[in-house]
Structures are given as C-alpha cells and as structure tokens.
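The structure that follows is given in the form of structure tokens.
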Amino acid sequence: MRRPAALLALVSLILPCAMSAAAPIGAAAMPMDPAAAARFAGLALKCLHDEYPNHISLSMDSDADARPPRELTPAFYGCFDWHSDVHGHWLLVRLLRLMPSAPFAAQARAELARSFTPENIAGELGYLRHAGRASFERPYGLAWLLQLSAELREWNDPQAKQWSNTMQPLEAEAAARIKSWLPKLHYPIRIGEHDQTAFSFGLMWDWAGVAGDAEMRARLLDAAQRFYLKDRRCPLDYEPSGEDFLSPCLAEADFMRRVLEPKAFGAWLSGFLPGIPQNGGSGWLQPGVVTDRSDPKLAHIDGLNLSRGWMLEGIAHGLPAGDRRVAALRATAARHREAALPAVTGEHYEGGHWLGTFAVYLTSAAGLR
C-alpha cells in the first residue's frame, strides 16, 4: 500500500537524531533535591511488595484463575495495581541512576532484586500471554514497562545490566503487542486517564530511541500522521475533566514535539494551541483544584498538575530557539509544579501509591532525553 503524501512529508521532518542513542542523563535532568528524592523513593519502597489493597485486572476462565496477586503477577503485584507497581520500579531505577549513593540506595537495590528474577519475569510473561488478555494494560501499563526497560538499558551498572537481560522477554512481548495493535487502531484515544494514546506514545517513542527499535518508531510515526498531524484548535478550555491525570491537549503536543523538528513543530503548535501567550504570562492555564485527596479519582488532579508541568516543559523544549511562547510555557510549568509537588506526601494511599512516579518524572526531566 502506498503511503500518503502527508506521511512522506512528515518523515522528512523527523529529528535527525531520532534513532541515535539517548543523551547522557545529566544533559536533561535537573538537580534533584535529596530530601524530595528520598520522600519519593519512600513512597515506592512502601508499596512495591505490599500486596494489599489490590485492584486486579483479571479475565477468569475457571475457579483456578482466582489466585492472590503475588501468584498472578509475581514481579509486579504491589502498589494497588499492575501499572503503578511497574512505574514504582521505574521510579527507583531512575533515582538510583541519578543518586547512586543516596541513603535509600541499598534498600532500593534489594527490593528491585527481589522483583527482577528469571522466575518472576517468566510468571509475568505467562500471565500476559494467557488467553483473553490481549488488551491487558494497553497502552498505559505496557508503555511504563517499556520505560522501565529503557531506564535499565541506559544504566551503566552491572546489576542493572543483569536485570535488563532478565526483563528482555517481557520487554519484547510488550513491544510486539504494541506493534501489532497500532496498525489496527483506527482512532486515537483522547481521554485524560489510562487509555489515552498520546502520553503512552511518548513513552514508547523514547523507549524505541534507547532500544534502537526503528520499527516501533515507524509505527508511531504513522500513528502521529493519522491521528494528530491535521489537528487544529485543541479545546484546552474544556480541560480538565473531573478525574483527569493527563491532559489530552498537552499530551498530544508533547508527543508531536518528539516527532517533528523544531520549526515544523512550532508551525503545527500555532494551529493546535493558538492561545499560548507570547508575553511570558502563566494565567492562560490554571492548575487544577483538588478537593479531596482521600478520594482515589478526585486525587487524580494532583497527577494532572504534575503531568502538565512536564508536558509544558516538553513543549517548550521542542520549539526553536527564540520562540516567544517558551517563556509562557515554562512559567506555566513552574506554576503547576509549585501547586503539585507539596501534595506528594503519601498521607493518603489513594495518591501515595502512584504520585511519586509522576513527581520523579517531572523533577528529573525524564522526558527530555
């Protein structure tokens, strides 16, 4: 089948270094505050292997399928649900890369070693391949699994290399599932929760750069062309919905800045979000209001403020030098950051089992490789 002319044009606008190795971690990462890093690590360490409470995504064929979480998914059974446990592992790996001598490093290594065994990963693979689980954790959880794999691949540490090799079969299965799914996905998913495609596409794109997976990049490039390239005037005023933790508009722009070179991205952004001010102001996008952090859905808004913070930074990062929108984007990112980070305390398990990951992704500039 002949590719559309628009896709051919888009291919010519890919960043020249799209398939090169990721930049050294210090090139994008901000200095981490040791006290904040320890707090975020503590949130993951508290729940990584804490089996209950637990929300299981399980298709059952018989009574025999009703088993405790530690038996169903033996590597990733804590932190309330599978995807939160996966990205809790990512949080610890990333912090260990950034701060290998931190006070929490020894405990973090021990907990990671407890998860990353050949037996546990084989159990995860068996669960994933079970009949009736074709859509398990797709795309959000699988995207975080690939991000975890990317972090392990980039970590120049003997134990991390061993863990990366152990994870390889599960990593390959997740990537194969995404590649099989993308050509069949006829419409993007534009919601503000787990099923949203744009945010997960960004994580997958970054993993493909680290793993050198040209096929995944090509599939995602095709999706960008089909779903997003012609989008105009995203209704940012309609956001947020009451339970969002991802912005549909900002996540799309944060994905497209990965795909397009800066000049082309700047032109696309002018049509997609024409309301970004050029005077440096931050009032055009207010942080979301959290009314009850003990409510698991209402607490999502803390995550929205965190993810908006890194998406706004990402959008600014993708624009050409001297673009007059950069100041407003960064000022608004800072405002969201200041609103959200003090709330990542773990006082309520509803947010404590996952918000640490979002805080680390933001404060370590994880998306700005």
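The values are calculated or read from the model by the stated rules, or taken from the named source; none is laboratory data. None of these values were measured; they are calculated from a predicted model. Heads up, the Cβs are rebuilt from the backbone with ideal geometry, glycines too, and the neighbour counts pull from every protein chain shown. Keep in mind that these areas ignore ligands, DNA and RNA; they rest on the heavy atoms of the full protein, side chains included. Shrake-Rupley method; radii C 1.70, N 1.55, O 1.52, S 1.80 Å.
A quick yes/no check of all residues on (1) among the small types (Gly, Ala, Ser); (2) closer than 16 Å to Gly367 by Cβ; (3) within 22 Å of the chain's Cα centre (by Cα):
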site	(1), (2), (3)
Gln278	no, no, no
Trp284	no, no, no
Gly288	yes, no, yes
Thr291	no, no, no
Arg308	no, yes, yes
Leu319	no, yes, yes
Thr332	no, no, yes
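Further question: Looking only at the stretch 55-91, which residues are in contact with a Leu (Cβ under 6 Å, 6 or more places away or on another chain) and part of a helix (DSSP H, G or I)?
Within the stretch 55-91, Val86, Gly88, His89, Trp90 qualify.
Residues of the stretch 315-350 being more than 26 Å from Leu260 (Cα to Cα), open to solvent by 10 Å² or more (accessible area, probe 1.4 Å) and among the small types (Gly, Ala, Ser), which ones?
Ala339, Ala343, Gly346, listed by residue number.
Related question: Quick check, is Asp206 closer than 20 Å to Leu362 by Cα and touching a residue at least 12 places away in the same chain (Cβ under 8 Å)?
For Asp206, the condition - closer than 20 Å to Leu362 by Cα and touching a residue at least 12 places away in the same chain (Cβ under 8 Å) - is met.
Are any residues in the stretch 186-208 surrounded by fewer than 23 Cβ atoms within 10 Å (Cβ to Cβ) and within 19 Å of Asp302 (Cα to Cα), and if so, which ones?
Matches in the stretch 186-208: Ile191, Glu193, His194, Asp195, Gln196.
Taking into account only those residues within the stretch 223-240 that are open to solvent by less than 40 Å² (accessible area, probe 1.4 Å) and part of a helix (DSSP H, G or I), which is nearest to Leu285 (Cα to Cα)?
Leu236
Of all the residues that make up the stretch 192-216, how many are in contact with a Phe, Trp or Tyr (Cβ under 8 Å, 6 or more places away or on another chain) and assigned to a loop (DSSP other than H, G, I, E, B)?
Total satisfying the criteria: 6.
Might you let me know whether the stretch 108-117 holds any residue that is over 26 Å from Thr363 (Cα atoms) and aliphatic (A, V, I, L, M)?
no
How many residues are farther than 16 Å from Gly42 by Cβ and among the aromatic types (Phe, Trp, Tyr) if we restrict to the stretch 336-369?
1
Of all residues in the stretch 260-289, how many are open to solvent by less than 30 Å² (accessible area, probe 1.4 Å) and of a type in the set (Val, Ile, Thr)?
So the count comes out to 1.
Name the single residue, out of those in the stretch 44-68 being free of Cβ contacts under 8 Å to residues at least 60 places away in the same chain, closer than 29 Å to Phe104 by Cα and charged (D, E, K, R), that is surrounded by the fewest Cβ atoms within 10 Å (Cβ to Cβ).
Residue satisfying both the conditions and the ranking: Glu51.
Next up: Scanning the stretch 108-154 for residues that are hydrophobic (A, V, I, L, M, F, W, C) and open to solvent by 40 Å² or more (accessible area, probe 1.4 Å), which turns out nearest to Arg369 (Cα to Cα)?
Only one residue tops the list, namely Ala110.
Is there a residue in the stretch 339-357 that is acidic (Asp, Glu) and in contact with a helix residue (DSSP H, G or I) (Cβ under 9 Å, 6 or more places away or on another chain)?
no
Could you tell me whether Leu220 is open to solvent by less than 10 Å² (accessible area, probe 1.4 Å) and farther than 25 Å from Ala175 by Cβ?
No; evaluated as a whole, the condition is false for this residue.
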